[in-house]
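J.: One structure, pasted below without further comment.
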Amino acid sequence: MSDDSNRFLRWGRSSHALSLLVPVGICLVLGLAGGPPFHHPDSISTQALATVLNQGNPRFFNYPGLVIYVNAAAYGLVFLLLRMFGGPATFQAFAEHSRSGFLPPPAAGIPFTLPGHAVALVFSAIGLTATWFVAYRLTRNRLTSALAVLVTGTSLLWVQQSHMDTVDLPLAALCMLTLWLVLVWSDREHRSRPLSLALGAAVGLAASAKYNGAVVGIAILVAALAEYRLQPRRLVPHLLFVGLGAAAAFLACNPYIFVERGTFIGAFLYESRHAFELGHFGYDTRTPWLEHSSALLNGAGPVPVALALVGLLFLLREPSVALAKKLAPLAFGLAFTLVVFRSILAFDRYVMPLLPLVGVLAAIGMVGLGERVARAPAVRGFGLAVLVAAAFVPNGYRFVRHDWLLTRPDTRQLLLSLLSSEDPPVRQLLGSDYLLQWLEPLRFPTGNLQGFAAREALAAADLVVLDSFSVDRYVFDTFRPERRQPYAANMNALSGYYALSLSPYDRPKDEVPFANHSVYSPALPDLDFRTLPGPYIELYARDVSVLTRLYESCQRLGHACRLMEPGQGYYLRMSVADARP
């Protein structure tokens, strides 16, 4: 056996391996527990399926291609496996099952997004492993590295995104992979043109996960300037090879940007305007720095963020860490923060690439404070244990509650079972996009609310179904008040209607704060008030007998429903301007 093989076996038996594999394994279990959420409106699975059906052309460039192609490969593999055991004969037939939310036989009952969930866990493993190596390159301390992984992987936002087939967790993982390679390059004995190409390829992959992943290239530039600031003959060739690697990787992951050049340019420019000018109804803000700071604080936890600030001071004062190693991750963190904090879109997941940096710095802060508590090892150990408990206990409660809620039935499933259990005299049901796709199996016709613009349609409907994922944005949006006007005006058409509520909360809806991110999976700030995942739902009907029969079915099925007199429905009350919270 070669010396390299012996070295690998020795490493595999060492505590280095345990300090990496154990925390990564724990975090992957957290990302697996509970399974994927019931429905994710921004799931990449739609584009992945379309890519396979279009023979590799996604015809969608709002996101770059890497995560789309990886998910397409995962769904293609599942299709081939199912076909071997009597599943659908064509991919088109396989893809049609996505609307049901479940894979086709012989895998009936398994969530359709399971392949995407598996891809997310793979990227989670990559990101957490890269986090360990970044922390180890900075500190040469296994405990610090293990704590960095745990702080990152047990944060509520990382756990949430580990359940979802979106692009933000892959982006965070590939940014950390790039930072690790930058730190490897910072050790002079490892510098070479192949490593420069690999650095560029990592940047290209990050940009192929999400366009703003190109920002991680700033870490390479800053490290190169710190090392080669007076050596342009070394600096320029290094940056050229980095650029070559980045271009090659990006083009390999996005081969159709030339074929669909106009579509690609239009989508890229739209996403730029979407982030900085247009906004997104219910998710835009006038104070982006405050919203994104809150997202980072809630996503990572207040204690880890505070420890990260302490860790930053320790890192900057540490003389044994080279300047390039200090500046590279900090430059990326600062540059990415400036880009994200300019966006008027208040999506929590946009701060995902900052979470591993918070994890690394928080671990440095924990160990650094622990070593400075006292000289006696026992006292230092106790102090470190207190810091670890302060960091992990609040996050532990949150991720356990999140994963437990994912095991519970979603309120949209309960609504379908409720409406399917009886045959109320309904000629027309009106609902929102978030609900209608799950009501397709019903035996009576449905229609779209169309943004509450059709007062006549509301008045003529026998049953109107409102859900918080669709309607709360009308109630709480303050960014552009004109969006609220059709809702406030037209909801009065339901003033004489009785209401029936199906609630996921343990208290009245009036006492629950606006939580627009729970549309993806249970999230703050309403996480602590939930007993079920899914939206708060109200059904309005002019004929009280319709709701009475549904209420009786609700009681029989064991659901928590409430029948209300005309004018008592939450959304009807909130449509009155002076009743608005």
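J.: Could you give me the residue pairs with C-beta distances under 7 Å whose first residue belongs to the range 278-292 and is under 14 Å from Val340 (Cβ atoms), whose second residue is among the hydroxyl-bearing types (Ser, Thr, Tyr) and at pLDDT 85 or above wherever it lies, and which are 6+ apart or on separate chains?
T.: As it stands, the answer is Pro288/Ser343; His292/Tyr350, since those pairs meet every condition given.
J.: Moving on to the next point. Name the residue that is modelled with the lowest pLDDT, counting only residues in the range 443-463 that are in a helix (DSSP H, G or I) and open to solvent by 50 Å² or more (accessible area, probe 1.4 Å).
T.: Gln450
J.: So which of Trp158, Trp180 ends up being in a helix (DSSP H, G or I) and closer than 17 Å to Phe399 by Cα?
T.: Trp158
J.: Of all residues in the range 7-29, count the ones that are of a type in the set (A, V, I, L, M, F, W, C), modelled with pLDDT under 90 and over 14 Å from Trp132 (Cα atoms).
T.: Looking only at that region, the number is 3.
J.: List pairs: first in the range 527-549 and farther than 14 Å from Val465 by Cβ, second open to solvent by 10 Å² or more (accessible area, probe 1.4 Å) and part of a strand (DSSP E or B), Cβ under 6 Å, 6+ apart or cross-chain?
T.: Cβ pairs passing all conditions: Phe529/Tyr505; Val544/Tyr498.
J.: Now a separate question. Could you run through the range 556-580 and say how many residues are among the acidic types (Asp, Glu) and either modelled with pLDDT of 90 or more or under 16 Å from Val546 (Cβ atoms) (or both)?
T.: So the count comes out to 1.
J.: Quick check: is even one residue across the range 181-204 among the polar types (S, T, N, Q) and closer than 28 Å to Thr51 by Cα?
T.: no
J.: Select from the range 38-75 the residues that are without any contact (Cβ under 8 Å) to a residue 40 or more places away in the chain and open to solvent by 20 Å² or more (accessible area, probe 1.4 Å) and write down the one among them that is farthest from Gly266 (Cα to Cα).
T.: Top of the filtered list is Ala73.
Here's the yes/no breakdown for (1) aliphatic (A, V, I, L, M); (2) crowded, with 17+ Cβ neighbours inside 10 Å; (3) closer than 30 Å to Arg398 by Cβ:
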| position | (1), (2), (3) |
| --- | --- |
| Pro508 | no, no, yes |
| Pro513 | no, no, yes |
| Tyr536 | no, yes, yes |
| Ala541 | yes, yes, no |
| Val546 | yes, yes, no |
| Arg549 | no, no, no |
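J.: Within the set of pairs 6+ apart or on separate chains, which have a first residue in the range 233-260 that is among the aromatic types (Phe, Trp, Tyr), a second that is part of a helix (DSSP H, G or I) and at pLDDT 95 or above, and C-beta atoms under 7 Å apart?
T.: Partner pairs satisfying both residue conditions: Phe241/Ser196; Phe241/Leu197; Phe241/Gly200; Phe250/Gly204; Phe250/Ala207; Phe250/Ser208.
J.: Please find, within the range 555-565, the residue that is nearest to the chain's Cα centre (by Cα) out of those that are open to solvent by 50 Å² or more (accessible area, probe 1.4 Å) and within 21 Å of Met491 (Cβ to Cβ).
T.: Arg562
J.: Phe276 - would you say it is modelled with pLDDT under 95, farther than 28 Å from Phe514 by Cα and out of contact with any Asp or Glu (no Cβ under 9 Å at 6 or more places or on another chain)?
T.: So Phe276 fails the test.
J.: Follow-up. Find the helices (runs of 4 or more DSSP H) located wholly in the range 294-391 whose residues include 3 or more that are among the hydrophobic types (A, V, I, L, M, F, W, C) and open to solvent by 50 Å² or more (accessible area, probe 1.4 Å), and list them.
T.: Passing ranges, in order: 302-317, 323-341.
J.: Assess whether Val236 counts as being under 24 Å from Leu330 (Cα atoms) and buried (at least 19 other Cβ atoms within 10 Å of the Cβ).
T.: no
J.: Can you name the residue in the range 96-138 that is modelled with pLDDT of 95 or more and polar (S, T, N, Q) and is also most open to solvent (accessible area, probe 1.4 Å) among such residues?
T.: Top of the filtered list is Thr129.
J.: Taking Leu466 as the residue in question, decide whether it is touching a strand residue (DSSP E or B) at 6+ places or on another chain (Cβ under 8 Å), open to solvent by less than 20 Å² (accessible area, probe 1.4 Å) and modelled with pLDDT of 80 or more.
T.: Here the answer is yes, as Leu466 does meet what is asked.
J.: Also, quick follow-up: Sort out which residues of the range 196-216 are part of a helix (DSSP H, G or I) and open to solvent by 20 Å² or more (accessible area, probe 1.4 Å), and write them in order of number.
T.: Passing the criteria: Leu197, Ala198, Ala201, Leu205, Tyr211, Asn212, Ala214, Val215.
The values are calculated or read from the model by the stated rules, or taken from the named source; none is laboratory data. Bear in mind that the values here come from a model prediction, so they are computed numbers and not experimental data. Virtual Cβ from ideal backbone geometry, glycine too; neighbours counted across all protein chains shown. For accessibility, only protein heavy atoms count, side chains too; no ligands or nucleic acids. Shrake-Rupley method; radii C 1.70, N 1.55, O 1.52, S 1.80 Å.
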